[in-house]
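Before any comments, here is the structure.
The values are calculated or read from the model by the stated rules, or taken from the named source; none is laboratory data. Predicted, not measured: the structure shown is a model, and the values here were computed from it. Cβ placement follows ideal geometry from the backbone for every residue including glycine, while neighbour counts extend to all protein chains displayed. Just the protein is used for accessible areas: all its heavy atoms, side chains included, with ligands, DNA and RNA removed. Shrake-Rupley method; radii C 1.70, N 1.55, O 1.52, S 1.80 Å.
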Amino acid sequence: SCSKFLVSSRQATVMLATTKDYMFSKFAVVSCVCADEVLEQADYLYSCAETEKLYLLLLQHKDSDDAEFLWRLARASRDMSLLPGMEAKRKEHLTFEAFEYAKRALEKDDKCFAAHKWYAVCLSDIGDYKGVKVKIGNSYRIREHLEKAIELNPKDATSLHILGYWCFAFAELPWYQRKVATMIFSSPPVSTYEEALGFFLKAEEVDPDFYSKNLLMLGKTYMGLKDKQKALFWLTKAKDYRARTLEDKEVHKEAVDLLKKLG
């Protein structure tokens, strides 16, 4: 009877362990499904430009260890900071908040291309609050993370566009800022309109008409290269792009103004 009791105890222990494993496994599966549903909902809200709803949804997961939540929250925080009429202090807070989420996303998964992309973008944003020296100094790191994002996902048109924008910004850096950069750094970041053009065209090749701003930047880059016909072509495409977001409307206005300037 004693041995019977021992056998029963062992069986009970095994059964209990099995039950715990099963419950944990079931919980993990349910959690995974729930996480996927939230991410799907988040992506839908982003596609509809529901910035505030998206931010509030993702904010519930701000303590997540999942890079997929964190980089989306970084993007949503940044988008909130860019809403019209945003109070200056709140805008600054959201900008630094976005950077912290992007930083955490990268720490959780350095193989996540989107974490590298939004870390680069948010690093650039906080530079606006830290002066020219910091902003230019961060530029090397910004480019490195954009290049890493493209290496991890060569088909991401947005990363290609942002790197093109980086090149464009340094190609037309005002002489006085270039002088300051040369005084501070022995070899400040440099680029050309040709290099910017390559990234903008590659982005368009990967995903045609994905972003009104890419069309606009192609037009502006060709203007920088003194190619009026191609500038007119891309600026017209930017003007005719169906406006869905506030940024699209701003792009439309700038394209119209540049087309008038070109005659």
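Quick look at the numbers
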read-out	value
Two-site FRET efficiency, VAL134 against CYS34, from Cβ-Cβ distance with R₀ of 45 Å, rounded to 0.05	0.65
Where the chain is the region considered: accessible area per residue in Å², 1.4 Å probe	58
Interatomic Cα distance distribution for the chain, bins of 10 angstrom, percent	7, 22, 31, 20, 8, 5, 4, 3, 1, 0, 0
Test item: Cα-centred dipole of the range 34-130, Lys/Arg +1 and Asp/Glu -1 on Cβ, debye	420
Gain upon complete extension [LYS62, ASP43; 0.36 nm per residue less C-alpha separation]	5.2 nm
For the range 164-175, 3J(HN,Hα) per residue [Karplus equation, 6.51 cos²θ - 1.76 cosθ + 1.60, θ = phi - 60°, Hz, x = Gly/Pro]	x, 5, 4, 4, 4, 4, 7, 5, 10, 4, x, 4
CD proxy at 222 nm, helix term only [per DSSP H run n ≥ 4: -39500 (n - 2.57); per residue of the chain; nearest 500]	-27000 deg cm²/dmol
Cα-based helix-to-principal-axis angle, 228-240 vs the chain, degrees rounded to 10	50
Size of electric dipole in the chain: Cβ of Lys, Arg +1 and of Asp, Glu -1, about Cα centre, debye, nearest 20	520
Fully extended contour minus Cα-Cα distance, from PHE96 to GLU247, at 0.36 nm per residue	52.2 nm
Positive-end residue, the range 34-130 charge dipole about Cα centroid, Cβ charges, pick of LEU56, CYS122, TYR101	CYS122
Karplus-derived HN-Hα couplings along the range 143-152 (A = 6.51, B = -1.76, C = 1.60, θ = phi - 60°), whole Hz, x at Gly and Pro	4, 4, 6, 5, 5, 5, 4, 5, 4, 6
On Cα atoms only, tilt of 193-206 relative to the major axis of the chain in degrees	50
P(r) tail fraction, the range 34-130 - alpha-carbon pairs more than 23 Å apart, %	18
Accessible surface of the range 51-184 [probe 1.4 Å, protein heavy atoms]: carbon and sulfur percent	54
GLU50 long-range amide H proximity, modeled H, under 5 Å	none
